[in-house]
1. Pull out a ≥ b ≥ c, the square roots of the eigenvalues of the alpha-carbon gyration tensor of segment 131-180, then state rounded if a/c is under 1.5, prolate if not and a/b is larger than b/c, and oblate in the remaining case.
2. Let me cross-check Phe185: its accessible surface, 1.4 Å probe, with only protein heavy atoms counted, in Å² to the nearest 10?
3. Using a 1.4 Å probe, how large is the accessible area of Glu19, given in Å² and rounded to the nearest 10?
4. Compute the length gained on full extension between Arg224 and Ile270: take 0.36 nm times their separation in residues and subtract their Cα-Cα distance, giving the result in nm to one decimal.
5. What is the chain by shape, rounded, prolate or oblate, if you read a ≥ b ≥ c off the alpha carbon gyration tensor as root eigenvalues and call it rounded for a/c under 1.5, prolate for a/b larger than b/c, and oblate otherwise?
6. Using protein chains only and a probe of 1.4 angstrom, how many square angstrom of His126 are accessible, to the nearest 10?
7. Report, by chain and number, residues whose modeled amide H sits under 5 Å from the one on Asn263, excluding near sequence neighbours (fewer than 5 apart, same chain).
8. For segment 172-211 and segment 61-130, write down the distance between their C-alpha centroids in whole Å.
Amino acid sequence: MPQKYQFERLPGPSDTLPESPCWHGLTHRLFWVDHGSRDLRAVKFPERDFVAVPLKTKGNLRFVKSLDAAHLIVGSERGLYRLEIETGMLTAVGGTLPLTDQTCINDGAIHPNGAIAIALSDIAEHAPTGGFYLLGPDGWTCILGEVVIGNGPAFSQDGSSLFLSDTLGQRILRYDLATGKSEGFVDLSDGDGLPDGLFVSQSGDLWVSFWAGTRIEVVRDGKRIKRIGPTPGRNVTCCCLIGDAPNARAVTTICDSRETFENGTYQVTI
C-alpha cells in the first residue's frame, strides 16, 4: 500500500509562485522567494514567526541560497546579490551577467566553496535561449546551452558535480566540474509533470520537484527510489530539509490555480 504523507502549510500570505526554500541553520530560519514579488519570505523556527523583507532588486525574486553564517545569495530576474541577513544590506555580485533581452535568471545554486551557478530561461518559455552558467575568476562560463527553461541547479555534497534540471526536456543532467562534461543522469519523460527545482540531501540523494506532477521524487545513482505525494497542490517547485540530522524535516513550495488553495511553503511529515 502506498505511503501517505501529511502536508502542513507554514505561516505567510498566499504567494503568486513560491520557490527556492532554503534553510539557514545558524539563524534557524527557512527562507524562500515569490516569483511574483521582490519580498524575501522567512519563517523562524521553532517559533514559526513569519516575516517578509522587501528588497530593491532588478526584477522579481527568483531564488535564495545560504552562503555563510551571515549572508545569503539572492537572485532576481535580472540581478544577483549577496544579502546580509541581519541588516538587509544588498551587494551586487557576479559582474556582467550573461543575460539578453530574451532571457532571465530562473534559479541558482552555491558550491560548498561559495562559487555560484545560475540557470537562465527564455522569458517567453518557447525558444532554447536559456542555459546554465558557472561564475569563475574570468567571469561567467556556459556549461550547458540551448535550454528553454533552466531550473534547479544543485551541487553534490562533495562539490564534484552539478545537477541540472532541463524542465521542458524532462531530464536531469550531471555536470562534472573536473572534466567540464555533462551527461544524462535520469530521464523523466515517462511520467506526468516536468522536473522543476532540485535539492541534494546530506546523504547525497537528489530530490526532484515536479511542476504539474503533484509529487516529489528522490533519486539515487540515477534511479528513482521514493515518491512523495500526492501533494495538496499540482505544481511542486522545490524542496529542502530543515533542522539538523537525524531530525531534519522536509519542506516544499507548492502552488495551484484553485481559489481555495493557498500557494506557499508546506512542511511534509515523512
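1. oblate
2. 30
3. 10
4. Gain on stretching Arg224 to Ile270: 14.9 nm.
5. Because its axes are fairly even, with a/c under 1.5, the chain counts as rounded.
6. 150
7. Asp15, Asp256
8. Each part's Cα centre sits 19 Å from the other's.
The values are calculated or read from the model by the stated rules, or taken from the named source; none is laboratory data. Predicted model, so just to flag it, every value in this text is computed and none were measured. Note that each Cβ is placed from the backbone with ideal geometry, even for glycine, and that neighbours are counted across all protein chains shown. Ligands, DNA and RNA are stripped out before the accessible areas are found, and what is left, the full protein with its side chains, is counted by its heavy atoms. Shrake-Rupley method; radii C 1.70, N 1.55, O 1.52, S 1.80 Å.
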